[in-house]
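Participant: One structure, as structure tokens, below. Some questions next.
The values are calculated or read from the model by the stated rules, or taken from the named source; none is laboratory data. Bear in mind that the values here come from a model prediction, so they are computed numbers and not experimental data. Glycine gets a Cβ as well: all are built from the backbone with ideal geometry, and neighbour counts include every protein chain shown. Heads up: the accessible areas ignore ligands, DNA and RNA and are worked out on the full protein's heavy atoms, side chains in. Shrake-Rupley method; radii C 1.70, N 1.55, O 1.52, S 1.80 Å.
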Amino acid sequence: MGFGKVGVVGLGTMGAGIAEVLARGGVETVGVEINDAALERGRSGIEGSTTRAVTRGKLTEEARDQILGRITFSTDFGALADCDLVIEAVPELIALKAKVFAQLDEVCRPDAVLATNTSSLSVTEIAAATSRPESIVGVHFFNPAPVMKLVEVIHSERSRPEFVAAVTELVGDLGKVPVTIGDRAGFVANRLLFGLLGPAAQLAETGVAKEDIDASLKAIGLPMGPLTLMDLIGLDTCLEVLEAVHADSGSPRHEPAGILRKLVDEGSVGRKSGGGFYTYD
Ligand code: CAA
């Protein structure tokens, strides 16, 4: 099965990145947001990202315009009615995801595949919000989606194997590296990665300088230090992932540090809010 037209619900950091990846891959894409302001933020994020690529000489203006021309934007779920695949990328709140999937269940074609970009919630539980749990799969991109190669494709207890295979094929066609795995908290990559990020935040809490923590791991080859990376991911998302993985693993490595909770409570959730462990312009 091919996916000629793909919807993305939620155009925050991840959704906008995923829509860009799809459009760059030649896929007709429909981006849906909850209101005009959020839609405009998503649209300008994609325009900004592709225009930066033009400035860096990685894309011609013509190619950028073609990419942008493949994306239509709407605040109406009805715009997803003829999509072959819809990828949900709204915040990591199970009640919100359940509401979105119940709406998708109503508007999408019966043969459409419905995917969630969740990084920490159970795909099986999300699928239970629909009358067609066999049509739900996980497709977990990494931030920044246009750059990161890995995409985890998650099959729930009920996902139809041919849907999982089709999504895996699409991910490969988009130039990404798909890894197909089962449904468990943190899947594979976040379970491992947050075994490093959790202790980094715990060390910062004990008074170790954040610059030293970051410099140490950059010097052994990571592209960015763990606290800088958490700011990039979003501290709210990091907290959600750590809570979900910790509840499953029970490992002290995954226990969210108090400093992380404090920053999130203050609204300092990383780059997207102008500050987290560090401050940003
Ligand atoms: N959108 C699109 N492209 C971006 C981008 C963004 N937000 N950020 C960087 N890029 C592109 C740049 O345009 C540049 O592209 P070209 O080489 O084609 O010119 C390339 O990435 C490198 O960027 P920079 O030179 O500006 O900066 P850098 O070399 O320091 O790389 C980085 C930046 C790609 C983010 C790199 O530091 C990195 O790989 N960091 C680690 C990121 C990571 O581990 N992500 C996974 C997080 S875990 C997660 O997301 C899962 C979850 O569920 C929480």
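Participant: Report, in whole Å, the centroid distance computed from the Cα atoms of the range 237-253 and the range 152-229.
Facilitator: Here the two parts' Cα centres lie 13 Å apart.
Participant: Give the distance, in whole Å, between the Cα centre of the range 76-119 and the Cα centre of the range 17-66.
Facilitator: 20
Participant: Note the per residue figure in Å³ for the convex hull of the C-alpha positions in the chain. It would help to have the intermediate numbers written out before the result.
Facilitator: On the way: hull volume 36.0 nm³, N = 281.
Hull volume normalised by residue count: 128 Å³.
Participant: In addition: With a Förster radius of 35 Å, plug the Cβ-Cβ distance of Glu205 and Leu93 into 1/(1 + (r/R0)^6) and report the FRET value to the nearest 0.05.
Facilitator: 0.85
Participant: Grab the other residues whose beta carbon is less than 12 angstrom from that of Asp82, score K and R as +1, D and E as -1, and report the net.
Facilitator: On the way: positive: Lys5, Arg109; negative: Glu28, Asp84, Asp111.
Every neighbour counted, the sum reads -1.
Participant: Note the full-extension length gain between Ala215 and Arg158 as 0.36 nm times their separation in residues minus their Cα-Cα distance, in nm to one decimal.
Facilitator: Once the chain is fully extended between Ala215 and Arg158, it gains 16.1 nm.
Participant: Roll a 1.4 angstrom probe over the protein heavy atoms and tell me the percent of accessible area of the chain that is carbon or sulfur.
Facilitator: 54
Participant: For Val151, enumerate residues with amide H under 5 Å from its amide H, sequence gap 5+ or separate chain, H modeled in the peptide plane.
Facilitator: The list, which skips near neighbours in sequence, is Val177, Val179.
Participant: Something else about it: What number comes out for the charge environment of Val21, summing +1 per Lys or Arg and -1 per Asp or Glu over other residues with Cβ under 13 Å away?
Facilitator: Here the charged neighbours net out to +2.
Participant: Moving to a separate point now. Quick check on the range 40-186: take the gyration tensor over C-alpha atoms, sort the square-rooted eigenvalues as a ≥ b ≥ c, and tell me if it's rounded (a/c under 1.5), prolate or oblate.
Facilitator: The shape class here is prolate.
Participant: Where only protein heavy atoms count, and the probe is 1.4 Å, what is the accessible area per residue for the chain in Å²?
Facilitator: With all protein chains present, the chain gives 45 Å² per residue.
Participant: What does the net charge come to around Arg109 if you take all other residues with beta carbon closer than 10 Å to its beta carbon, with K and R at +1 and D and E at -1? Write down the numbers at each step before the final one.
Facilitator: Working: positive: none; negative: Asp82, Asp84, Asp111.
Taking every Cβ under 10 Å from that of Arg109, the sum is -3.
Participant: Nearest 5 is fine: what % of DSSP beta bridges in the chain come out antiparallel, could you say?
Facilitator: 20
Participant: Kindly sort Glu152, Glu169 by accessible area of their heavy atoms, largest first, with the probe set to 1.4 Å.
Facilitator: From most exposed to least exposed: Glu169, Glu152.
Participant: Looking only at trypsin sites (Lys or Arg not before Pro) in DSSP loops with at most 12 other Cβ atoms within 10 Å, what is the longest site-free stretch of the chain?
Facilitator: That gives 150-281 as the longest site-free run.
Participant: Which number gives the lysine pairs in the chain that have C-alpha atoms under 17 Å apart and are eight or more places apart or on different chains?
Facilitator: For the chain, qualifying lysine pairs total 4.
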